[in-house]
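See structure below.
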Amino acid sequence: MIATLPAELASNPQPADVLRWAYGNFSRVAIVASFQAESSVIIDIASRIRSDLSVLTLDTGRLPQETHDMIDRVRERYQIEIQVVHPDAGEVQRIVTEHGANLFHHSPQLRRLCCDVRKSRPLDRALSGYDAWVTGVRRQQSATRAETQLFALDEHHNGIAKIAPLATWTKARVWDYIRANHLPYHALYDQGYTSIGCAPCTRATTAGEDERAGRWWWEQNEVKECGIHHSPNGRPYPLSASKKR
Ligand code: SF4
């Protein structure tokens, strides 16, 4: 039987209750952490429910050092294993050989190809062993995330459950929780970053800018998503056909 989120949880979604429900209804639950602020909150709440958390993260090969430092801090604080997922080395070699290491600057299509190879495909492979995944996506983060559901069946990952316990939270609420509980947080926030991804594709933002404005900041009128949460009509294009475009 397909699980559905109880009405009382949907109308009053406390993240701890949503996570407790997820662990009670799915046997293999993966927290997919980017180690941004939302990851700090989710891992902390989940650690109060379960001691045997499955946490996985994507090491694209282009992460800032501060993200690796943050992974170590969380690992030490919670004494949990963190599965670090890597892209396929052969696929990376092909796109870099064909388009260069900084292909993301050449066109939106090549940027999405890089995200596909370094993020989406590795996540696809990693989630094949799970029944549900937990993400820190919030509705308030961007227009593309405004419809984020607390619970959905993820058609992009074989129909497993996708759970967003913080979907209804504001940025202020996330930071209130971090401060109140003295949680570790990513060091780049103290340098003006408001959203953090790969080093070459993320910059600090200024007052008044959208929270995700620092991601792929050179792109105009493009969807500021890597494809994990918002797929632009399937794969950017097949790896083998990438030269033809
Ligand atoms: S964020 Fe940039 S470097 Fe990272 S996978 Fe996407 S395009 Fe590649």
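Brief remarks on what is shown
- Relative to the longest principal axis of the Cα atoms of the chain, the long axis of helix 15-25 lies at roughly 90 degrees.
- Sorted by Cβ neighbour density within 10 Å, fewest at the top, the residues His186, His106: His106, His186
- For the chain, the longest principal axis of the C-alpha atoms and the axis of helix 65-78 are separated by about 20°.
- A Förster distance of 30 Å, applied to the separation of the beta-carbon atoms of Ala10 and Ala187, puts the FRET efficiency at 0.25.
- Residues with amide H under 5 Å from that of His229, placed H, sequence gap 5 or more: none
- Placing dummy labels 7 Å off each Cα toward the beta-carbon, the span from Ala101 to Ala152 is 3.6 nm.
- Cα long-axis angle, helix 171-180 against the chain (0 to 90 degrees, to the nearest 10): 60 degrees
- For segment 200-217, Karplus couplings with θ = phi - 60° (6.51, -1.76, 1.60), whole Hz, Gly/Pro x: x, 10, 9, 10, 5, 10, 10, 3, x, 6, 4, 4, 9, 5, x, 8, 6, 5
- If the chain linking Thr206 and Asp72 were pulled fully straight, counting 0.36 nm for each residue of separation and taking away their Cα-Cα distance, it would gain 45.4 nm.
- Less than 5 angstrom separates the built amide H of Arg212 from none of the residues sequence-distant by 5 or more or on a different chain.
- Here the Debye sum runs over all C-alpha atoms of the chain as equal scatterers in vacuum, and log10 of I(q)/I(0) at q = 0.14 Å⁻¹ comes out as -0.95.
- In this simple spin-label approximation, Arg179 and Glu91 carry label points 7 Å from Cα along the Cα→Cβ vector, and these lie 4.1 nm apart.
- Stretchable slack from Glu81 to Thr144, in nm (0.36 nm times residue separation minus alpha-carbon distance): 19.5 nm
- For Ala213, neighbours were defined as the other residues whose beta-carbon sits under 13 Å from its Cβ, and their charges (Lys and Arg +1, Asp and Glu -1) total -1.
- At R0 = 22 Å, FRET efficiency that the Cβ-Cβ distance of Lys171 and Asp17 yields, to 0.05: 0.55
- Segment 60-129: GluC sites (Glu not before Pro) falling in loop per DSSP and having at most 15 other Cβ within 10 Å: Glu81
Values quoted throughout were computed directly from the atomic coordinates according to the rules given, and no laboratory measurement underlies them. Being a predicted model, the structure only gives us computed values, none of them experimental. Please note: Cβ atoms are built from the backbone with ideal geometry, for glycine as well, and neighbour counts cover all protein chains shown.
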